[in-house]
Amino acid sequence: MVDVWLGDDRVRKISFTGSTPVGKHLARDSASTLKRLSLELGGNAPFIVFDDANIDAAVEGLMAAKFRNGGQTCVCPNRVYVHDVVHDVFVAKLAERVSALKVGPASDPTSQIGPMINDRAVEKIERHVRDAVSQGARIVVGGERIRNPDAPRAAYFAPTVLVGATPSMVCSCEETFGPIVPVTRFRDEAEVVAQANATPFGLAAYFYTESPARIWRLAEALECGIVGINEGVFSAEAAPFGGVKESGYGREGSVHGLDDYQNIKYLCQDALE
């Protein structure tokens, strides 16, 4: 049915949210009729904590950004970079919060993390954790599938913190889409910006610092469509939502989200006599 729409010149605009491979398919097959596309695709969001950050605020921001919907959103932080000076303090505070999260079904009002969408999602998370550990990462909290007697068929995975993550690990290259926090140490601003941008994706990024000068440097340097500055929850109906690079193009929300549905018409008229 999608292919019928792509070839129909009466369909003038397509808005799609989903994976980058499907977005590329839509773009290719829309070319014959030059359809306008809005593509909100995959992400690989970095979350950067500098040595001058408010650590408690950064932990709270990461908890809100990472664990909503069990880590299953396209703007969830996928790579966490923490400055060497504050790394151990940050990880200790984060581990305490993550270990206290209650995993369970939505029918239980005390549940904070629900199941993954299916067993394949859990298998992907397990693969990412195994790969990280095999390359030297250490599990601080979690790291395993959970069998919940209240919902034995549900696909639960324990909220997890890993330290010692590196760019070569699968969890740094692929979007995990689950409750996994791989933490990487860094020492230099230029180094961490380069690592944050070393991905084909560019949807969202987050960073915590108390330096106004650094805020402007980082906001400009990060290659993404959305930046959370000392803030873990940035979505709002009045704000443009969308990415760059292989995270797509076009925007949802705000007045900018309407631009993709409109054409500019230039009228030039001579004076009436």
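Please treat every number below as a calculation from the coordinates, not as lab data. Here the structure is a predicted model, which is why all the values come from computation and not from measurement. Cβ sites come from the backbone with ideal geometry, for glycine too, and all protein chains shown count toward neighbours.
Applying the Karplus relation 6.51 cos²θ - 1.76 cosθ + 1.60 with θ = phi - 60° to the range 203-213 yields 3J(HN,Hα) values of 8, 9, 8, 9, 8, 10, 7, 9, 9, x, 5 Hz, where x marks Gly and Pro. In this structure the amide hydrogen of Val141, modeled in the peptide plane, comes within under 5 Å of the amide hydrogens of Val161, none closer than 5 places in sequence on its chain.
Phi angles across the range 192-197 convert, under the Karplus curve 6.51 cos²θ - 1.76 cosθ + 1.60 with θ = phi - 60°, into 3J(HN,Hα) values of 6, 5, 4, 5, 4, 8 Hz, Gly and Pro given as x. Among the trypsin sites (Lys or Arg not before Pro) in the range 186-273, those located in a DSSP loop and surrounded by at most 16 other Cβ atoms within 10 Å of their own Cβ are Arg187, Lys265. For the pair the range 248-273 / the range 115-142, the C-alpha centres are spaced 46 Å from each other. For Glu231, nonlocal amide neighbours, meaning residues 5 or more places apart or on other chains whose placed amide H falls under 5 Å from its own, are Phe207. Here is the list for the range 168-273: chymotrypsin sites (Phe, Trp or Tyr not before Pro) lying in DSSP coil, each with at most 10 other C-beta atoms within 10 angstrom of its C-beta, are Tyr266. For the chain, what is the charge dipole size about the Cα centre, in debye to the nearest 20, if Lys and Arg each add +1 at the Cβ and Asp and Glu each add -1 at the Cβ? Here the chain has a charge dipole of around 760 debye. The residue list Ala31, Pro149, Gly225 was ranked by how far each Cα lies along the charge dipole of the chain toward its positive end, using unit charges on Cβ atoms, and Pro149 comes out on top. Within the range 88-197, the GluC sites (Glu not before Pro) that combine a DSSP coil assignment with at most 14 other C-beta atoms in a 10 angstrom radius are Glu144.
Straight-line reach only, C-alpha to C-alpha below 28 angstrom: list the lysines that Lys124 could link to, leaving out same-chain residues fewer than 8 apart. Cα-Cα hits under 28 Å: Lys24, Lys66, Lys93, Lys102, Lys245. Equivalent ellipsoid of the chain: semi-axes from √(5λ) of the C-alpha gyration tensor, largest first, are 36, 25, 17 Å.
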